[in-house]
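Visitor: First the structure, which I've put down as structure tokens, then a few questions once you've had a look.
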Amino acid sequence: MVSNRLPYTLRRAGDAWKVEKSAGGLATAMGPILRKTEGVWVGWSGDQSGVTDARRAGLLARWAERERYVAVDLPPETARGFYEGFSNQTLWPLFHNFPYLFRFDPADWDAYREANRLFCEAVLEQLRPGDMVWVHDYQLMLLPRLLREAAPEVRVGFFLHIPFPPSASFRILPRREELLRGLLGADLIAFHTHRYLQHFRDSVLRLLGTPSHMDKVEAGGRTVRLEALPIGIAPEEFTGLLDDDEKTGRMLTEMRERFRCCKVLLAVDRLDYTKGIPERLRAFRQLLTVSPESRGKVVLIQVAVPSRERIPMYGELRREVDGLVGKINGEFSTPGWTPIVYLRRNLPRAELAALYALADVAWISPLRDGLNLVAKEYVACQRDGAGVLLLSEFAGAAAEMGEAIMVNPYDEGRTAESVARALALPLSERRERMAALHRRVTHNNVFAWGERFIGTLREAASARTRHAAALPAELPAADAARAFREAESRLLLLDYDGTLVGYAKRPQDAKPPAELIRLLARLAQTPATTAAIVSGRSRGDIEGWFGDVRGLWLAAEHGAVIRPPGSREWEYSYTGYSPDWKRDVYPYLEHYADRTPGSFVEEKEFSLVWHYRMSDPEFGEWLANELAHDLEGMLADTPLRAVRGQKSVEVRPMWADKGEVMNRLTRECPAPAFLLAAGDDKTDEDLFARLPATAWTIHVGENQSRARFRLSGPGQVCLLLEELVAAGRVEVSRKTA
């Protein structure tokens, strides 16, 4: 298990070291799972002093030996930029829908990357064959990919404990693509709610151009599982105190005596601007103002646990809350009654359990929260079922706790009305609501959550292994170069877009760089080698880019026209072609272009193509499916077919097939001893299907294919061609010698 912080925090206190229990719900949730699985917990100690001595080393060694807590050491400047900077002043406000508080500093980003690298090193030191790695939360979003690159077979799961924002907010973030790719290194990515999962899918589609299904996304040749798994609590850790701990029982008795004449509202939060504490205090003031009869009869106990006090905005929040508490208490207090009891400290669990059991209403009203375990802890401690849960609709827990009274914390007037309603709710209704909540909280506890996550991770890792087995084998480049060198004759057929160059939003922007043209020229001039570009591009594009490359064959529009080396004339692979069909099909495609901003229709000599790479990806994919389906019926009795390409739908004659190029080139190079074809999409599958089983067929990308081998992208293809050219030169030199 890997998280930003360990359950303990180490702090320098003068010349000594102080160990404190870490705040936050993760330690509460994960502690029982760690003990049950006998796992290792890797995390930062929280120490930013930069001091190392024997006492510190001894403390950390005892943590590792007794608790199996392994501390990651972060240099002070890295720790500051990683934790206070990028994690909590960039990601935290943006993910919680506070973009106006978002701040990005490139130096903090560098620290975030460095910290994730150091975490990766610490995990790798602990990793054993067969281990699973469970990575937690937004501070470590790069870690899954780092682990995947270092240990490709490792089983990695990631759980996000905070909301994942809508793509419109997430796209504000610089380095956003790198974070998404970091997460996609995992086998399983899980969120608290389906809404967060959908936001993630939307960002992956809009920013990476990668479509997904409800429960999975294909990335890097792997299937990444997506799940919504709301975290639970260990109820007995609270109820056990109420049942068996004398101190807890004594505190509860004392509290009941103290507040015997009042209804108790309880709020427990970290002192964070996402928790809605000022909004709650103002709503409480409104309740006291509009309902004078509540004065002296209702008390709000507000627990605010200090958090991130080194960050300026948190200091400002503390001063605001202090001022509101003082103002309300000063305005409404009487000698025998204080409306707000304000506790700005971290409470021990025994005291919390007593407060949960005491409270008539738990007022949980964050402005945005990933889940909120306080709501579940309160429900677990309501043994008589008489309490009421007042819950913000913007807490992730709202998705599974429908029996709570929901409030919009931004609407302070209606929130005050909801508090009054909760206080006046009949006992029978209170018990009915609480009984349903209690069953759900106890059933979907932290152990069930952990077992579901770990079981799903096992399934996802097994599915990844099966998927990898179904992919073409990774190309053994050295073997290919050796076969090329030893062959007496060679034929190479190379796709262009997605194979030699990456895709561009506009087709005209995917021009070949000068170094690629020089590489192809060297390849085409290698003795005993016939090389061809076989592309769906128009002859104008292909000739304009490669027309002057000596010795290179050119095939445009999927082989509909072919130009031999040294010639300016193009040969037609089919005679009797008529373009009359375009009159009927073009208006149909143009209609889709009109419906889809950013899309356009490209007319080539033998085909029409609807491109939607610049369109909204979700809408574009939906319309592409619709268009392909409609065209299938429309063209059923014609010699035409509609083909889905990379962000395109193309209508062309059936005979315009890359496989037909072989018929022409084998006349020039019959029975080549070395035959290679490389391509990335469905049109290249036609060519692979025509080639003998001994051919070096290469799919470029990470999808299933008829090809024998695969390479990950155009960069790897160009490296292969460099190796082949070098191998050809070695052979020429050997023969000359």
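Conditions (1) outside any helix (DSSP H, G or I); (2) within 16 Å of A707 (Cβ to Cβ), marked per residue:
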{"position": "A460", "(1), (2)": "no, no"}
{"position": "R466", "(1), (2)": "no, no"}
{"position": "A480", "(1), (2)": "no, yes"}
{"position": "E488", "(1), (2)": "yes, no"}
{"position": "T499", "(1), (2)": "yes, yes"}
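Visitor: Separate question: Being surrounded by 13 or more Cβ atoms within 10 Å (Cβ to Cβ), in a loop (DSSP other than H, G, I, E, B) and not β-branched (V, I, T) is the filter here; which residues of segment 591-638 pass it?
Guide: Listed by number, the residues that qualify are G598, S599, K604, E605, F606, S607, Y612, R613, M614, S615, D616, L635.
Visitor: For segment 544-563, which positions are at negative phi and surrounded by 17 or more Cβ atoms within 10 Å (Cβ to Cβ)?
Guide: Result: W545, F546, V549, L552, W553, L554, A555, A556, A560, V561, I562, R563.
Visitor: I would also like to ask the following. Suppose the filter is surrounded by 14 or more Cβ atoms within 10 Å (Cβ to Cβ) and within 14 Å of V264 (Cα to Cα); does V325 pass it?
Guide: So V325 does not fit the description; no.
Visitor: Under the condition of being among the aliphatic types (A, V, I, L, M) and either touching a Cys at 6+ places or on another chain (Cβ under 7 Å) or in a helix (DSSP H, G or I) (or both), which residue from segment 292-318 is surrounded by the fewest Cβ atoms within 10 Å (Cβ to Cβ)?
Guide: Looking at residues that are among the aliphatic types (A, V, I, L, M) and either touching a Cys at 6+ places or on another chain (Cβ under 7 Å) or in a helix (DSSP H, G or I) (or both), I get M313.
Visitor: Would you mind stating whether T239 is among the hydroxyl-bearing types (S, T, Y), surrounded by fewer than 20 Cβ atoms within 10 Å (Cβ to Cβ) and closer than 21 Å to L180 by Cα?
Guide: no
Visitor: Give, as residue ranges, the helices (runs of 4 or more DSSP H) completely inside segment 1-106 that count at least 2 residues that are under 29 Å from the mean Cα position of the chain (by Cα) and closer than 20 Å to E121 by Cβ.
Guide: 76-79
Visitor: Same structure, new question: Just to be sure I understand the filter: pairs with C-beta atoms under 8 Å, separated by 6 or more residues or on different chains, first member in segment 209-223 and in contact (Cβ under 8 Å) with a residue 60 or more places away in the chain and more than 12 Å from R181 (Cβ to Cβ), second member assigned to a loop (DSSP other than H, G, I, E, B) and aliphatic (A, V, I, L, M). Which pairs pass?
Guide: G221/L471
Visitor: Residue by residue through segment 193-231, note down the ones that are assigned to a strand (DSSP E or B), within 23 Å of K505 (Cα to Cα) and modelled with pLDDT under 90.
Guide: Within segment 193-231, S212, E218, A219 meet the criteria.
Table: residues versus (1) out of contact with any helix residue (DSSP H, G or I) (no Cβ under 9 Å at 6 or more places or on another chain); (2) surrounded by fewer than 16 Cβ atoms within 10 Å (Cβ to Cβ); (3) not assigned by TED's automatic domain parsing to the domain that holds E722.
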| position | (1), (2), (3) |
| --- | --- |
| A478 | no, yes, no |
| L491 | no, no, no |
| T499 | no, no, no |
| P513 | yes, yes, no |
| R518 | yes, yes, no |
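Visitor: Right, next: If I ask for residues that are at pLDDT below 90 and over 20 Å from D497 (Cβ atoms), which ones from segment 666-688 would you list?
Guide: T666, R667, E668, C669, P670, A671
Visitor: Pairs only if they're at least six apart or on different chains, beta carbon under 7 angstrom, first in segment 147-162 and in the same structural domain as F98 (by TED's automatic domain parsing), second surrounded by fewer than 21 Cβ atoms within 10 Å (Cβ to Cβ) and in a strand (DSSP E or B); list them, first residue then second.
Guide: Partner pairs satisfying both residue conditions: R155/M132; G157/M132.
Visitor: How many of the residues making up segment 696-737 are in contact with a helix residue (DSSP H, G or I) (Cβ under 6 Å, 6 or more places away or on another chain), assigned to a strand (DSSP E or B) and modelled with pLDDT of 95 or more?
Guide: The number of residues fulfilling the criteria is 2.
The values are calculated or read from the model by the stated rules, or taken from the named source; none is laboratory data. Because the structure is predicted, anything quoted here is derived from the model rather than measured. Neighbour counts are summed over all protein chains in view; Cβ atoms, including those assigned to glycine, are modelled from backbone coordinates with ideal geometry.
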